[in-house]
């Protein structure tokens, strides 16, 4: 069973789909291809202007987790554990499988393999599922039944899995999308508790954690949150003080190990959907800020699991594959430890045609269910759809333990991701989202010297039935076809390579408005001459400090500004090690300033938010006439309308001046002026880190 999140209006309307493969029966074989599936409309053969792709191997984005490339499995899928499916998932490099399947997690009882009100297919019991997990070398993430279960039932599952059977199942979720239990209006998730509030959920999570960890204290337990900018983020129900995320984090954040979010962006067509992975960095950054702010001292330790994701557009065709290739890597680069695609099998829906002319069965599975809608039939059962090949291409780019590094392009229709592989090779993934044009690619490198050998290029072309590989192009020049995914694997030249290992994960401390101290564990593999502390600025490296010890103080930082830092070691020849994992921090606003601003987001909904600002003159001199300025941190937020000031904006830069009746600000906090605005958002909507009054950066607080 499955429901799709769609971003909703201010009335909190919600779309809901409940779907089961083959109507809840066993999957059946349908050998005929759907009309049009074997004869696609030809995509354009034009050539766009050359695209510059820059890879900066000195900017590390962390390593690929063993659990990174994930997929959902569901107990209503009679094919989930058959050998053909096991082989396909193993070949694709799937590292995590989620069970028992979306909302079924809140009706499924593991002891007797039942889901009252739903269908459970033969051969989908827990032990059979674990057989698939073990065969493909993956890890499971298991949904403990919150909606119709108990802490004792969940603890019994842990006992059976890890004590009786010795499976060593590490990751456990407490329920599925419990915010969809009717508390905010939309009702698709089973929740039999008398109270369905976030407070009740969070307090019950504490009971689940206590019961489950009493059996096996080594397991990791996650609680359900909402993705910023996605319903019901920001909704505060009658009688509550805060929204779902803040409530759950404040109560349960000290006890859990990770949080769970789902992401189904609201693209209405392929072009929109293909642009939406760029929302993920902002939304995940805002989520991390909420975690750190509300979960207390345990906040920085909490992982983020993206346990359901799909573009929801052209789901069995090339656009969804292109979306997946881009979104998986974007999420992993921004610190998520698993991305679990929805779904292995799902079943067809309304038939349509994708931009490249392919038949879209509206089936959210990566493998065909072999069923029909009227006279239109899917390919034979377990035939891979394009999103399957997108997941398979990820392992061509990098495997667990390989290091993700920064890459970027100057063409919005071509995305780039890069990985330093364990053997020293550099792999660059390119995704061409243009259905009409191929692009010549000019490749540029910082911190890596490719050899002159012809690169190996893996290609998944538009609606292709397999991934191809060939030695082609050069390290500096390639061409990517319309609607395709390419991974270029380059060998190192051998020059300028250091034997030093990457410095250990850095941490930031003593953060002020203008300074921060960065500390790290030393590199190994040889003698270190010095360490370089660099700031990530796009794909450009900015050296902030050098040190011969394992710490450095950064000076002259900009107040209210976010910094992402790597540390690299330099050997006696001047060769650089690989970069450390990144550390991110935000400098504070001045503790002492002649002005103070309180910024409060008082409301938010799926496409906008309301912000109220209180301005105070804390200096000794009166102010008669003021100008307030700040910049929206995310490109997904913009100005709509405002009050109590003359508001103007240039892109993300905001500018507000007084009106005639509120121009005077008395000295020493004698009075305050209240202004505000309505903002638009199409994803993240983080608060500005620094706000200035008449050119002075103010002491800034954030109410919520």
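The values are calculated or read from the model by the stated rules, or taken from the named source; none is laboratory data. If you're wondering where the values come from, they're calculated on a predicted model, not measured in any experiment. Positions of Cβ are backbone-derived with ideal geometry, glycine not excepted, and every protein chain shown enters the neighbour counts.
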(request) Please work out if residue 297 is in the same structural domain as residue 74 (by TED's automatic domain parsing), over 16 Å from residue 230 (Cα atoms) and surrounded by fewer than 23 Cβ atoms within 10 Å (Cβ to Cβ). (result) yes
(request) Given the conditions (1) at negative phi; (2) modelled with pLDDT under 95; (3) assigned to a loop (DSSP other than H, G, I, E, B), report the number of the one that residue 523 does not fulfil. (result) (2)
(message) Looking at the structure I just gave you, is residue 275 surrounded by fewer than 24 Cβ atoms within 10 Å (Cβ to Cβ) and either part of a loop (DSSP other than H, G, I, E, B) or touching a strand residue (DSSP E or B) at 6+ places or on another chain (Cβ under 8 Å) (or both)?
(response) no
(message) If residue 69 meets every condition in (1) at pLDDT 95 or above; (2) within 30 Å of residue 408 (Cα to Cα); (3) over 22 Å from the mean Cα position of the chain (by Cα) apart from one, which number is that one?
(response) (3)
(request) Within segment 15-24, identify whether any single residue is touching a strand residue (DSSP E or B) at 6+ places or on another chain (Cβ under 9 Å) and either modelled with pLDDT of 50 or more or more than 18 Å from residue 341 (Cβ to Cβ) (or both), and answer yes or no. (result) yes
(request) Being in contact with a helix residue (DSSP H, G or I) (Cβ under 6 Å, 6 or more places away or on another chain) and crowded, with 24+ Cβ neighbours inside 10 Å is the filter here, so list the residues in segment 332-353 that pass it. (result) 339, 345, 347
(request) Go through (1) out of contact with any helix residue (DSSP H, G or I) (no Cβ under 7 Å at 6 or more places or on another chain); (2) touching a residue at least 60 places away in the same chain (Cβ under 8 Å) and name the single condition residue 383 misses. (result) (2)
(request) Spot the failing condition for residue 257; the list is (1) over 30 Å from residue 486 (Cα atoms); (2) crowded, with 22+ Cβ neighbours inside 10 Å; (3) in contact with a strand residue (DSSP E or B) (Cβ under 7 Å, 6 or more places away or on another chain), and only one is missed. (result) (2)
(message) For the structure I just gave you, tell me whether residue 442 is outside any loop (DSSP other than H, G, I, E, B), surrounded by fewer than 24 Cβ atoms within 10 Å (Cβ to Cβ) and either outside the structural domain of residue 578 (by TED's automatic domain parsing) or at positive phi (or both).
(response) yes
(request) Out of the residues in segment 658-680 that are within 29 Å of the chain's Cα centre (by Cα) and surrounded by fewer than 17 Cβ atoms within 10 Å (Cβ to Cβ), state the one that is nearest to residue 285 (Cα to Cα). (result) 680
(message) Kindly evaluate residue 259 against the criterion of being modelled with pLDDT of 95 or more and in a strand (DSSP E or B).
(response) yes
(request) Mind listing whichever residues of segment 474-496 are farther than 16 Å from residue 432 by Cβ and in contact (Cβ under 8 Å) with a residue 24 or more places away in the chain? (result) 475, 476, 489, 490, 491, 492, 493, 494, 495, 496
(request) Kindly provide the set of residues from segment 422-439 that are outside any strand (DSSP E or B), in contact (Cβ under 8 Å) with a residue 24 or more places away in the chain and within 25 Å of residue 331 (Cβ to Cβ), ordered by number. (result) 425, 433, 434, 435
(request) Determine, yes or no, whether residue 97 is closer than 29 Å to residue 207 by Cβ and either crowded, with 23+ Cβ neighbours inside 10 Å or within 29 Å of the chain's Cα centre (by Cα) (or both). (result) yes
(request) Out of the residues in segment 681-693 that are more than 11 Å from residue 617 (Cα to Cα) and out of contact with any helix residue (DSSP H, G or I) (no Cβ under 9 Å at 6 or more places or on another chain), state the one that is surrounded by the fewest Cβ atoms within 10 Å (Cβ to Cβ). (result) 689
(request) Output the number of the condition that residue 427 fails; it satisfies all remaining conditions of (1) modelled with pLDDT of 95 or more; (2) farther than 19 Å from residue 493 by Cβ. (result) (2)
(message) Looking at residue 620 and the list (1) in contact (Cβ under 8 Å) with a residue 40 or more places away in the chain; (2) in contact with a strand residue (DSSP E or B) (Cβ under 9 Å, 6 or more places away or on another chain); (3) within 16 Å of residue 693 (Cα to Cα), which single condition is not satisfied?
(response) (2)
(message) Is it the case, given these coordinates, that residue 249 is touching a helix residue (DSSP H, G or I) at 6+ places or on another chain (Cβ under 9 Å) and farther than 30 Å from residue 356 by Cα?
(response) yes
(request) Could you please let me know if residue 113 is modelled with pLDDT of 95 or more, over 24 Å from residue 389 (Cβ atoms), surrounded by 21 or more Cβ atoms within 10 Å (Cβ to Cβ) and in the same structural domain as residue 178 (by TED's automatic domain parsing)? (result) no
(request) Go through segment 364-380 and count every residue that is touching a helix residue (DSSP H, G or I) at 6+ places or on another chain (Cβ under 9 Å) and within 17 Å of residue 324 (Cβ to Cβ). (result) 4
(message) Let me spell it out: the conditions are (1) in contact with a strand residue (DSSP E or B) (Cβ under 7 Å, 6 or more places away or on another chain); (2) part of a loop (DSSP other than H, G, I, E, B), and residue 356 meets all of them except one. Which number is the exception?
(response) (1)
(message) Which numbered condition in (1) closer than 22 Å to residue 92 by Cβ; (2) crowded, with 21+ Cβ neighbours inside 10 Å; (3) without any contact (Cβ under 8 Å) to a residue 60 or more places away in the chain is the only one that residue 128 fails?
(response) (2)
(message) When you check residue 265 against the structure, is it at pLDDT 95 or above, crowded, with 20+ Cβ neighbours inside 10 Å and either part of a loop (DSSP other than H, G, I, E, B) or touching a strand residue (DSSP E or B) at 6+ places or on another chain (Cβ under 8 Å) (or both), yes or no?
(response) no
(request) Considering only residues that are outside any loop (DSSP other than H, G, I, E, B) and touching a residue at least 40 places away in the same chain (Cβ under 8 Å), look in segment 446-462 and name the one that is farthest from residue 543 (Cα to Cα). (result) 460
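Per-residue answers, yes or no, for (1) crowded, with 22+ Cβ neighbours inside 10 Å; (2) touching a residue at least 40 places away in the same chain (Cβ under 8 Å):
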site: 171; (1), (2): yes, yes
site: 199; (1), (2): no, yes
site: 216; (1), (2): no, yes
site: 241; (1), (2): no, no
(message) Can you go through 408, 465 and tell me which one is outside any loop (DSSP other than H, G, I, E, B) and not assigned by TED's automatic domain parsing to the domain that holds residue 568?
(response) 408
